[in-house]
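Undergrad: Take this structure first; my questions come after.
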Amino acid sequence: MSATRASLTEDRMLGCVLAGGQSRRMGGGDKSLLDLGGTTMLAMVVDRLKHQVADIVLNANGDPQRFARFGLPVVADPVGDYAGPLAGVLAGLTYAAENRPDITHVVSVAGDTPFFPVGLVKRMCASVPLSEPVIALASSSAKLHPVFALWPVSLRQDLHDWLNTGQSGKVLAFVDRHDSVEVSFDIDPETGLDPFFNANKPEDLTTVREALSHSTT
């Protein structure tokens, strides 16, 4: 088993940033592109992820040109109309299957969670075997964060069929069909925040700005 797990490495991973939410609690628009004093949450997420995976795609609907500054492929949901994070995961799996045959897994991350662990992908790689389609889910403080997950590309067709037949768009509803493991992470020592803190409301942006100011002083 150890030899099999050792072959599952970060250079076989595609990062998929889920940046296509409607941001209703933030007043609409792309909250991940809001200015944070010279940067954006999406820029922070991409910078944190690019050192952990072989390549990155952005999942978002609408005009892809608004993300042109990142120089990354932008893939829309292949099913539904804002069908939730599972549709974004399917977009990443589809991109990997059609464009990167060397990729075995997709790691999904949220575009509004700028302090997620720098060792996220490495820990997830170590938690699952390459020989079996096991999903890894992140957790912290005894709470699951299913948007942060490692997905075998081999599950692409099953996820496509699941969504296309009108099944639940909730991540855990699909995960329950398959073997999965939970990977737990600690509080971020630099910010003192839960590493999966996400900015849903305007006041959450203040928390992000304060954390950034503390990390640069």
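The values are calculated or read from the model by the stated rules, or taken from the named source; none is laboratory data. All values reported here derive from a predicted model rather than from experimental measurement. FYI the Cβ positions are ideal-geometry reconstructions off the backbone, even for glycines, and counts take in every protein chain you see. The accessibility values were calculated without ligands, DNA or RNA, using every heavy atom of the protein model including side chains. Shrake-Rupley method; radii C 1.70, N 1.55, O 1.52, S 1.80 Å.
Undergrad: Can you put Lys143, Lys201 in order of accessible area, largest first, using a 1.4 Å probe?
TA: Lys143, Lys201
Undergrad: How large is log10 of I(q)/I(0) for segment 156-217 at q = 0.16 Å⁻¹ when the intensity is taken from the Debye formula with one equal scatterer per alpha-carbon?
TA: After summing over all Cα pairs, the log10 values are -0.74.
Undergrad: Using a 1.4 angstrom probe on the protein heavy atoms only, could you order Asp179, Asp30, Asp161 from most to least accessible area?
TA: The residues order as Asp179, Asp161, Asp30, largest area first.
Undergrad: In whole percent, how big is the carbon plus sulfur part of the accessible area of the chain, probe 1.4 Å, protein atoms only?
TA: In the chain, the share of accessible area belonging to carbon and sulfur is 49 percent.
Undergrad: Compute, for Glu98, the solvent-accessible surface of its heavy atoms (probe 1.4 Å) with the complete set of protein chains present, and express it in square angstrom to the nearest 10.
TA: Roughly 120 Å² of Glu98 is accessible to a 1.4 Å probe.
Undergrad: Next up: How large is log10 of I(q)/I(0) for segment 131-180 at q = 0.13, 0.24 Å⁻¹ when the intensity is taken from the Debye formula with one equal scatterer per alpha-carbon?
TA: Treating every Cα as an identical point scatterer, log10 I(q)/I(0) equals -0.31, -0.95.
Undergrad: Continuing with this model, one more query. Show which lysines lie in cross-link reach of Lys170 when reach means a straight Cα distance below 18 angstrom and same-chain residues fewer than eight apart are skipped.
TA: Hits, sequence-local ones excluded: Lys143.
Undergrad: Could you state the per residue volume, in Å³, of the convex hull enclosing the Cα atoms of segment 106-217?
TA: Per-residue hull volume (Cα only) is 112 Å³.
Undergrad: Moving on to the next point. With 10 Å bins from zero, work out the P(r) of segment 60-112 over every alpha carbon pair and list the percent per bin.
TA: 23, 53, 23
Undergrad: Could you work out how much longer the chain between Asp47 and Ser184 gets when fully extended? Use 0.36 nm per residue separation minus the Cα distance between them, nm to one decimal.
TA: Stretched fully, the Asp47-Ser184 segment lengthens by 47.1 nm.
Undergrad: Could you tell me the relative contact order of the chain? Use alpha-carbon pairs under 8 Å, at least six residues apart, and round to a whole percent.
TA: 24 percent
Undergrad: I'd like to check one number: the per residue accessible area of the chain, probe 1.4 Å, reported in Å² as a whole number.
TA: 46 Å²
Undergrad: If a helix is a whole DSSP H run, which ones in the chain reach 18 Å or further along their own axis (Cα) and hold a mean Kyte-Doolittle hydropathy of at least -0.5?
TA: Once both thresholds are applied, what remains is 85-99.
Undergrad: Only one of the listed values, [x] 43, 20, 16; [y] 30, 26, 20; [z] 26, 21, 16, was derived from the coordinates as semi-axes √(5λ) of the Cα gyration tensor in Å; which label is it?
TA: Here semi-axes √(5λ) of the Cα gyration tensor in Å agrees with entry [z].
Undergrad: Report the gain in length on full extension from His160 to Thr207: 0.36 nm times residue separation, minus Cα-Cα distance, nm rounded to one decimal.
TA: Here the segment from His160 to Thr207 would lengthen by 13.2 nm.
Undergrad: Can I ask one more? Given the DSSP H assignment, sum -39500 (n - 2.57) over each helix run of at least 4 residues in the chain and divide by its residue total; what's the result at 222 nm in deg cm²/dmol, nearest 500?
TA: Mean residue ellipticity, 222 nm, calculated: -8500 deg cm²/dmol.
Undergrad: Based only on Cα atoms, what mean projected area does the convex hull of segment 68-164 have, in nm²?
TA: Answer in nm², one decimal: 7.4.
Undergrad: Please give the FRET efficiency for Asp102 paired with Gln167, using the beta carbon to beta carbon distance and R0 = 41 Å, rounded to the nearest 0.05.
TA: 0.85
Undergrad: Can you sort Leu14, Leu72 by 1.4 Å-probe accessible area, starting with the largest?
TA: Leu72, Leu14
Undergrad: Would you check the accessible area of Leu144, probe 1.4 Å, heavy atoms only, in square angstrom rounded to 10?
TA: The accessible area of Leu144 comes to roughly 60 Å².
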